[in-house]
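Take a look at the structure below.
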Amino acid sequence: MDHEADLHALLRLIHAGGATAPRRRLLEHADGPAAALAGGASAWRDAGLDAAQRAALAGPEDAVDDWRRWRAAAPARHVIGWHDPDYPVLLKRMQAPPLALFVEGDPCRLWRAGVAVVGSRAPTAGGRDNAALFAARFAAAGLSVVSGLASGIDASAHTAALDAGGDTVAVLGSGIDTPYPRSNLRLHARIVEAGTVVSEYPPGTPARREQFPSRNRIVAGLALGTLVVEAAQRSGALITARLAADAGREVFAIPGSIHNPMARGCHRLLRDGATLVEAPEEVTGALSAIAGELADALRERLDAPIQSGETILNTAGAGAASDPDSVDPDYNRLWKALGHDPTGMDELVARSGLTVARASAMLLSMELDGRVALLHGRYSRKS
């Protein structure tokens, strides 16, 4: 399969715009984007693409070329399509998942077990403190903090996760090269360096009001559960919570004073069945079983192994745990490169001879399985 041909075809499908479902359907019935595009107008029509979409696929490719140049300008830039096995499994289970994701940073982090922390753009001082406290504890527990890079609760949660040496994912309602609000430019740069920034909108897309509710479904979709810290009666955070609940995800809310207008949205959620929480451990405890399901999905994606002393044994097939022929040399090299002292990614890559992408994916699997600890961007064995 030609990766560049598939990327080019995927970008053309994104540029076609319009309803997402027909384009997803086109991809589902073809062996990759290039094959979907090669099917021609009749295949596009059969998948349900309308006249405007079919005309766009047959039209000029200026925007597609611009997006390819944007991606090629930095190794940390990625485009992950619906067809791609690296598409985040939790997001794929949402209703109307994006056709593709534009990513800057480590795309493997989109598979990490995480909690969405959302709330008001104009929170009280107490609300900011609560967002920071919960996010820092989530990071310390190995959970990713997912939010929307907005002012207020979002920014407090992202910052606290980074300050704690943890992982955070920022989902934008604009292109990932045009963060909004501009006051969060420095925070955006920190997340690109140490976390992941993601959007369904192509580079150069400005922030528009109608794009933020759509952004919220990705925030909810990437997380095991959603915590609402503070929110008014009419708030985007309540949209995120509703989308999470509709997808069968856990929704948590922190109660507040009856005199605080920023607590009324949380109280409404609690009346509607959200779980009242007063401490971060109540959230992490409730999500532990679901995190195990995500770890199983990731191990299936990677044919991930288990540890046996100084050896990593692949357990993808029956009897593999006891069969020496099933040993995965890549996992063995990485496990032996790890020590009990924290080690950075560059050193692990140098020791193991693996690529950054391969090592990062395997480390994430080991971390979800409880065998590797990550702190301040450095990895170590837990046992």
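The values are calculated or read from the model by the stated rules, or taken from the named source; none is laboratory data. Predicted model, so just to flag it, every value in this text is computed and none were measured. Note: areas computed on protein heavy atoms with side chains; ligands, DNA, RNA excluded. Shrake-Rupley method; radii C 1.70, N 1.55, O 1.52, S 1.80 Å.
Tabulated data for the structure shown
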{"item": "Average accessible area per residue (Å²) across the chain - probe 1.4 Å, nucleic acids and ligands excluded", "result": "43"}
{"item": "3J(HN,Hα) from dihedral phi, segment 157-170, Karplus parametrisation 6.51/-1.76/1.60, rounded to Hz, x for glycine, proline", "result": "5, 4, 4, 5, 5, 5, 4, 7, x, x, 10, 9, 10, 9"}
{"item": "Kirkwood Rh (inverse of mean 1/r, distinct Cα pairs), segment 7-55, angstrom", "result": "10.3"}
{"item": "Segment 72-182 - share of DSSP beta bridges that are antiparallel (%, nearest 5)", "result": "45"}
{"item": "Potential lengthening between Ala286 and Arg209 on full extension [0.36 nm per residue; Cα-Cα distance subtracted]", "result": "24.4 nm"}
{"item": "Segment 1-53 versus segment 192-216: alpha-carbon centroid distance in Å", "result": "22"}
{"item": "Alpha-carbon Rg with Dmax, taken over the chain, Å", "result": "21.3, 66"}
{"item": "MRE, 222 nm, helices only [DSSP H, n ≥ 4, -39500 (n - 2.57), over the chain, to nearest 500]", "result": "-14000 deg cm²/dmol"}
{"item": "With every protein chain in place, the chain: carbon and sulfur % of accessible area (1.4 Å)", "result": "51"}
